[in-house]
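Notes for the one structure printed next.
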Amino acid sequence: MLDIRYEDEALLVVNKPPGILVHPTTKEDTGSLSYEINKYYSKQGWQLSLHPVSRLDRQTSGLVIFAKLPEIQGYLIKHGMQKEYLALVTGTLPSEQGIIETPIARKPGSIIEREINPKGKPCKTEYQMIYTHVANDATPLSLVRCRLYTGRTHQIRVHLASIGCPIWHDNLYGKIPGPPLRHGLHAYKISFSHPWTHTQIEVVSALPEDLSAIINR
């Protein structure tokens, strides 16, 4: 069942659970977020095509925008959005807040993995520590708020790993193995200027229970 956090005649914002794809693949043509939205449109009797504006990795939860018309998709992509994430990370941050601006490129020999590379595309991530816990017998664990100024693939994951604080249970960039369908990253806030009314829209999704439980524990 779709968790719709905002909807009007132009677009909808959906809260994606971890473990599912935003778009179907040749191997998984059902069960994706796009598949569920198509089912929702069909149930409403709407003949609408999918026009995704944002995306998330399978293991990441949080807010995703879909436009209902191609011109709405184009407007939102052109004018941009402000996206903020909550990241559960391991390790000790170099400071309580900071900005990471190292460029990112695709790692040679891989179609998925990215790396810090001076020849890569410009990237900018702002971070602020919200909570940290240091136990004598465990790796430090922190909750960090991240704001994206650019939208490169795996940007937050690569940037935080580059300062020694990979996402909790990130099996690609971290050092502590975790479940294949969940790591500690959640897209919790998205804001944008509405393409028709030009009013500022802000949608928020609180930290999910599974990640909150890790902090409480």
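Largest accessible area first, the listed residues Val134, Val53, Val204 line up as Val134, Val204, Val53 when surface is computed with a 1.4 Å probe on the assembled protein chains. Using the rule -39500 (n - 2.57) for each DSSP H run of four or more residues, divided by the residues of the chain, the 222 nm mean residue ellipticity is -5000 deg cm²/dmol. For the chain, modelled as a GNM whose springs connect Cα atoms under 10 angstrom apart, the maximal fluctuation among Ile99, Ile111, Ile163 occurs at Ile111.
Greater than 28 Å separation of Cα atoms is the criterion. Which listed pairs, Lys16/Lys119; Lys124/Lys175; Lys27/Lys189; Lys39/Lys107; Lys78/Lys175; Lys27/Lys124, meet it?
Distance filter (> 28 Å) returns Lys16/Lys119; Lys27/Lys189; Lys39/Lys107; Lys78/Lys175; Lys27/Lys124.
Along its first, second and third principal axes, ordered by size, the range 154-194 spans 40, 23, 12 Å in Cα coordinates.
Between Arg55, Arg106, Arg114, the residue with the greatest mean-square fluctuation in the GNM of the chain (Cα pairs under 10 Å linked by springs) is Arg106.
Accessible area per residue (1.4 Å probe, heavy atoms of protein chains only) ranks Lys189, Lys16 as Lys189, Lys16, with the largest value leading.
Charging the Cβ of each Asp and Glu at -1 and of each Lys and Arg at +1, and nothing else, the dipole of the chain about its Cα centre rounds to 540 debye. Shape analysis of the range 1-128 places it in the prolate category; the axes a ≥ b ≥ c from the Cα gyration tensor give an a/c of at least 1.5, with a/b above b/c. From the Cα gyration tensor of the range 75-179, with a ≥ b ≥ c the square roots of its eigenvalues, which class applies: rounded if a/c is under 1.5, or else prolate if a/b is larger than b/c, or else oblate? Note, shape of the range 75-179 comes out oblate.
The values are calculated or read from the model by the stated rules, or taken from the named source; none is laboratory data. Since this is a predicted model, take the numbers as computed values, not measurements. In this analysis, Cβ positions are derived from the backbone assuming ideal geometry, glycine residues included, and neighbour counts consider all displayed protein chains. Heavy atoms of the whole protein, side chains included, go into the accessibility calculation; ligands, DNA and RNA do not. Shrake-Rupley method; radii C 1.70, N 1.55, O 1.52, S 1.80 Å.
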